[in-house]
Amino acid sequence: MADAMGHSATATRSTSVAMGFCVLAVAPQIFELIWSFGTIFGWGAGRGPLQVVAAHAAALVAGAPIALLGAAGGDAKKASSDVLLALIYSYPLLAVAILTLFMTIRSAQDYVGGIVLMALALFALWASSDLQGMRGFSFGAGTAPRMFGGLLVALGAGIALTGLLSDGPAMAHYSWRGPLFVMASIVFFALAIRPLGVVVAAFVSFLIAAMGTHETRWIETIIVGACLTLGCALLFPYVLGLPMPMFPRFLAQ
Amino acid sequence: MDLFANLAHGFVVAFSPINLLMCLIGALVGTLVGVLPGIGTIATVAMLLPITFGLPPVGALIMLAGIYYGAQYGGSTTSILVNIPGEATSVVTAIDGHQMAKQGRAGPALAIAAIGSFFAGCVATVLIAVLGAPLTKLALAFGPAEYFSLMVLGLIFAVVLAKGSVLKAIAMNVFGLLLSMVGSDIETGASRMAFNIPELADGLGFATVAMGVFGFAEIIRNLDAGAEMNRDLVQQKITGLMPTRKDLIDSTPAVLRGTVLGSILGILPGGGAVIASFAAYTLEKKLAKNPSRFGRGAIEGVAAPESANNAAAQTSFIPLLTLGIPPNAVMALMVGAMTIHGIVPGPQVMQKQPDLVWGMIASMWIGNLMLIIINLPLVGIWVRLLRVPYRLMFPSIVIFCAIGIYSVNNAPVDVILAGVFGLVGYWLIKHDFEPAPLLLGMVLGPLMEENLRRALLISRGDWSVFLTRPLSAALLVIATFLLVLTLLPMLRAKRDEVFTESEN
């Protein structure tokens, strides 16, 4: 890595890295919000979008500081799960994001990798916070997850530290086309297999996946896709005896 | 001698028509997977796991084992002829093997690879048979503390043998351990980190994660580079398979050394075939009178790694069959296959399921014989397969994987989870984290937690139990020693050197 050049380039980028961490710090809340839109249409149970926003905003702005002060004053009350999420997950990451602003990142690959692992571990700590801990000398359900979660927080911090202390590669280049279409194909298959059956799901997914590269030639892709679909439709249900729907439900009836 | 009676019994089992067929299918699929780049052994075994539902347990395991060692053969073919290692295990074979092919000596290179593999396979088969019984006895001396320490040693091994940063590899181990804890707690039944999602109550399926991190992630990563990989196919006809007398004399010691090294590394938890081939190549280069020949078509550079990876692929069954501990990810999938059929892996398998254990051991020898026939005369067919362009291959793999995962539990959610883990795997690759320690952590997680809890319960919460029991203490000392060794700057430089060398 060229030192003189690398420094100015990475130093400016640490603002965008910090921005990224801010988003990461509230990612579970955002995810729950997106999920909650489903309740409007009656899918799934849970809180509606307005409730989600209100609860998390209250937890982030007011609930967590109060709980923090209360704990400092020796008044340990049972905090709600939203407040705990803010305390265990969001606040540490926001702190990291603020610290990042003042850092010179020498290896973005290691630094970001370490922090994201740390975030995962913090999230696991929150997720296992409602589980029972040690009972005397015997392990509760939550002991081991907390132990390994804590260990992973430390390791993630360690990796991030190496990204600050020693030179290394910058962030790798991500492409969007492959991941997008392969994921789309997988999701389509998962959603379509029950209602539409193997034949339709496999063939359409094949075509979606094939869009993952610009080198696809459509005629040969359609032929191969059809052959593969036929092969799978014979192999799995008949040769291997695995029960799965073959054709769309509305046709079969 | 019990040994011969056992082996004879094994051969009777393995020679039944259905098991012979399974063995052949396994060897064929393994070779196919080995030849095709971009689809690995782990993903294939995971993909075929549901297929084994309908088979008898012995046949199922024979087939899956065949895929594993078959892939070691197949990988060498493409390494030599096309300079594309079909498998991570034959990366080093490509260095000298392809040079030999360019010099018009593709035939001898292929032949030596096959002969070396066959020899190593035979030795490893005998080794499993010989070591199986005594190690099972040793297993009886193992309490929870020892099991826990052994698994720590296994994880540390995976760290030492992973490439890149030690810290990152340990982090991957721990990440895997955490992932293994999703789902119901074994002792209290409490739901852990499952967010009230019913599909997560049983935990993350190992096959699902393996397929995501190794199958889908690999595909997405390959697409980054563009679907068209450059393939400088060796066009001239392969003439004269037979190696010369000089080739044989040169490669015999290399085959022997590779076999020994591979057998040892295979038994150790966390090791496995990939590292065995790297280590064998490095050893040959160190021992050679004229190291500069390596990289320019030295036949030892083909013979040693190919013998080593095949030996390791087979001896890695030893810890699985005797202690019930899977030493690497493929063996972990074998555990999955065994549990599907209601067999709990561990010391008792040898006594309770002699058909299974000895039948599988005997089938390995038969499988190796089949492979030599499949690979040498039919080499032209396998090479032709490489002309299938990746733009057609990758959607097929995606679909096949998706159907495979779906059929494990008939659960669409599993398919989506595998996709998510595909993205996770892609991210890991981009940040230079190795997925192999993660998978091992995930496999060993439940076993480790259970034994840790049990050990502490027996010792009434006293952590010193891991150090006061001699066997456990010894295992932990070895683990610490290894870790310290890897962190020493001098050796670390050496380790980096080995890995960069093997990458080029």
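Computed values, structure above
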item: Partner chain coverage, peptide A:146-159 - average Cβ within 10 angstrom; result: 5
item: Convex hull of region A:177-252 built on C-alpha atoms - directionally averaged projected area, nm²; result: 5.2 nm²
item: 44 Å tail of the calculated P(r), chain B, as % of Cα pairs; result: 10 percent
item: Sites residue A:177 and residue B:487 - FRET efficiency at Förster radius 45 Å, r taken between beta-carbons, to 0.05; result: 0.65
item: Cα principal axis extents for region A:117-253, largest first, Å; result: 59, 45, 25
item: With Cα atoms, 0 to 90° folded angle of helix A:177-210 axis to chain A main axis; result: 60 degrees
item: Nitroxide proxy distance, nm - points 7 Å out along Cα→Cβ at residue A:39 and residue B:467; result: 5.2 nm
item: Neighbouring partner chain Cβ atoms per residue of B:407-419, average, 10 Å criterion; result: 4
item: Nitroxide proxy distance, nm - points 7 Å out along Cα→Cβ at residue B:137 and residue B:385; result: 4.3 nm
item: Approximate shape of the protein assembly as shown as ellipsoid semi-axes (Cα gyration tensor, √5λ), whole Å, largest first; result: 42, 31, 29
item: Principal axes of region B:277-319: Cα extent on each, largest first, Å; result: 38, 16, 11
item: Cβ-Cβ FRET estimate between residue B:288 and residue B:103, R0 fixed at 25 Å, reported to 0.05; result: 0.85
item: Rounded tilt (10° steps) of B:17-35 against the dominant C-alpha axis of chain B; result: 70 degrees
item: C-alpha long axis of helix B:489-503 to longest principal axis of chain B, angle in °; result: 50 degrees
item: Longest segment of chain B lacking trypsin sites (Lys or Arg not before Pro) that sit in a DSSP loop with at most 16 other Cβ atoms within 10 Å; result: B:1-230
item: Estimated distance in nm for a label pair at residue B:341 and residue A:16, the labels positioned 7 Å out from Cα along Cα-to-Cβ; result: 5.4 nm
item: Calculated log₁₀ intensity ratio I(q)/I(0) where the Debye formula runs over C-alpha points of region A:167-206, q = 0.14, 0.20, 0.24 Å⁻¹; result: -0.42, -0.60, -0.74
item: Phi-based couplings in Hz for region A:102-109 (Karplus 6.51, -1.76, 1.60; Gly and Pro marked x); result: 9, 9, 9, 7, 9, 9, 4, 4
item: Between region A:201-230 and region B:373-429, the Cα center-to-center distance that results, in Å; result: 14 Å
item: Karplus 3J(HN,Hα) series, Hz, for region A:96-101 with 6.51 cos²θ - 1.76 cosθ + 1.60 (x for Gly, Pro); result: 4, 4, 5, 4, 4, 4
item: For chain B, calculated [θ]222 nm from helices alone, where every DSSP H run of n ≥ 4 adds -39500 (n - 2.57); result: -24000 deg cm²/dmol
item: Stokes-Einstein D for region A:105-173, Kirkwood Rh over Cα pairs, 37 °C, 0.692 mPa s (µm²/s); result: 254 µm²/s
item: Normalised alpha carbon radius of gyration of chain A [divisor 2.2 N^0.38 Å]; result: 1.36
item: Inter-chain Cβ neighbour average for residues A:220-227, partner chain, 10 Å; result: 2
item: Per-selection Kirkwood Rh - region B:415-483 (Cα, Å, 1 d.p.); result: 14.8 Å
item: Given chain B, longest segment not containing exposed loop chymotrypsin sites (Phe, Trp or Tyr not before Pro) (DSSP; at most 14 other Cβ within 10 Å); result: B:196-462
item: Listed residues A:179, A:204, A:244: farthest to the positive end of the dipole of chain A (Cβ charges); result: A:244
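Coordinate-derived values only; no laboratory data. None of these values were measured; they are calculated from a predicted model. Reconstructed Cβ throughout: ideal geometry from the backbone, glycine too, with neighbour counts over all protein chains shown.
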